[in-house]
Ligand code: NAI
């Protein structure tokens with residue numbers, strides 16, 4: 001069976017890591033019918049929008065997308081196409097498994113935690129306006145609907161994967177109402193899963209504890225902005241942004257993308273590490289039922305890492321993006 005998948009190369013290092021990932025996927029034996037769609041900064045320059053309707057329409061029709069990062073200008077310019085995509089497709093749960101990999105230099109070994117981030121509301125929505133010159137307001141909207149569905153997702157995920165504990169991360173000591181509602185919803189869902197331990201932790205203390213000893217955590221559940229920040233922090237615990245995969249999941253559609261952004265500092269040089277997106281594509285393979293192909297890619301990655309090379313510069317090597325894809329393909333067996 002051939003899988004219809006929407007392919008969004010994005011911009012910056014996006015097209016480079018997407019090309020490497022597609023090469024690996026094509027070599028697994030699984031069959032794909034790619035619907036490639038343009039979006040992002042370059043599309044914006046040509047057509048005046050970074051996220052044309054055809055991207056959302058394609059993803060709605062295929063139900064699955066593999067996506068490279070898209071740049072969002074800082075302090076002005078157009079609003080984030082990444083946020084618009086997640087909202088437009090109701091991809092309410094962002095899933096980011098953070099695991100130590102063998103023979104990868106990092107601060108810790110044996111880290112195995114999962115960040116689950118509410119993906120559609122909260123302060124990250126960027127709902128802002130000028131109240132008066134010199135005064136701006138940014139709205140943090142939290143609903144029980146969105147908080148309950150992401151909590152339900154987290155507990156169902158934990159149950160299906162045999163995870164033992166969920167920690168809800170918050171700042172409800174200060175944002176008593178908004179984060180308070182998020183916590184109330186998490187507690188309500190937790191009561192339906194007595195077999196899974198549930199606790200809560202304030203976000204600033206969580207950052208310190210993650211850096212001191214990440215092994216105490218299992219599944220971390222949080223609202224959008226905390227999830228954005230903690231995802232990068234967690235990536236730093238296991239070797240960096242070049243390695244950590246992600247998925248945005250809704251009821252009707254799922255978009256698979258790495259945690260990292262468009263990395264303008266290395267874009268166009270063939271130096272980006274494609275492992276984060278290749279590992280995101282393993283999550284995609286699991287999602288579409290190609291578990292054997294997913295395991296094959298995962299095994300090939302581990303073998304390649306154990307061999308010590310090739311490695312891109314972020315991992316201390318000199319290899320190029322496509323060298324990583326080729327080395328994985330050689331080991332698919
Ligand atoms: P970034 O994640 O693009 O880069 C941060 C640092 O990590 C840079 O030094 C970069 O070179 C490095 N890095 C990232 N991915 C790498 C990879 N695969 N291999 C090797 N090194 C890698 O974050 P930054 O610089 O804050 O954001 C750049 C742009 O990306 C911004 O416009 C931001 O809005 C956008 N962005 C998009 C995301 C998405 O499309 N989902 C997610 C995060 C940021």
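The values are calculated or read from the model by the stated rules, or taken from the named source; none is laboratory data. Please read these numbers as outputs of a predicted model, since none were measured by experiment. So basically every Cβ, Gly included, is an ideal-geometry build from the backbone, and we count neighbours across all protein chains shown.
Being within 20 Å of residue 247 (Cβ to Cβ) and in contact (Cβ under 8 Å) with a residue 60 or more places away in the chain is the filter; apply it to segment 41-61 and report the residue that is surrounded by the most Cβ atoms within 10 Å (Cβ to Cβ). The qualifying residue surrounded by the most Cβ atoms within 10 Å (Cβ to Cβ) is 59. Among the conditions (1) under 23 Å from residue 10 (Cβ atoms); (2) more than 16 Å from the ligand (Cβ to nearest atom); (3) not in a loop (DSSP other than H, G, I, E, B), residue 90 misses just one, which is (3). For beta carbons closer than 6 Å, sequence separation of 6+ or different chains, a first residue in segment 78-90 that is closer than 16 Å to residue 150 by Cβ and a second that is at pLDDT 95 or above, the qualifying pairs are 86/119; 86/248; 87/120; 89/59; 89/250; 89/253; 90/250. The residue list 78, 124 contains one member that is within 14 Å of the ligand (Cβ to nearest atom), outside any loop (DSSP other than H, G, I, E, B) and farther than 24 Å from residue 19 by Cβ, which is 124.
The condition of being at pLDDT 95 or above, more than 30 Å from residue 120 (Cβ to Cβ), buried (at least 23 other Cβ atoms within 10 Å of the Cβ) and away from the ligand (no atom under 13 Å from the Cβ) holds for only one of 302, 328, 324, that being 328. Residues in segment 247-295 that are touching a helix residue (DSSP H, G or I) at 6+ places or on another chain (Cβ under 6 Å) and more than 8 Å from the ligand (Cβ to nearest atom): 13 in all. Flag not set for residue 29, criterion: modelled with pLDDT of 95 or more, at positive phi and touching a strand residue (DSSP E or B) at 6+ places or on another chain (Cβ under 7 Å).
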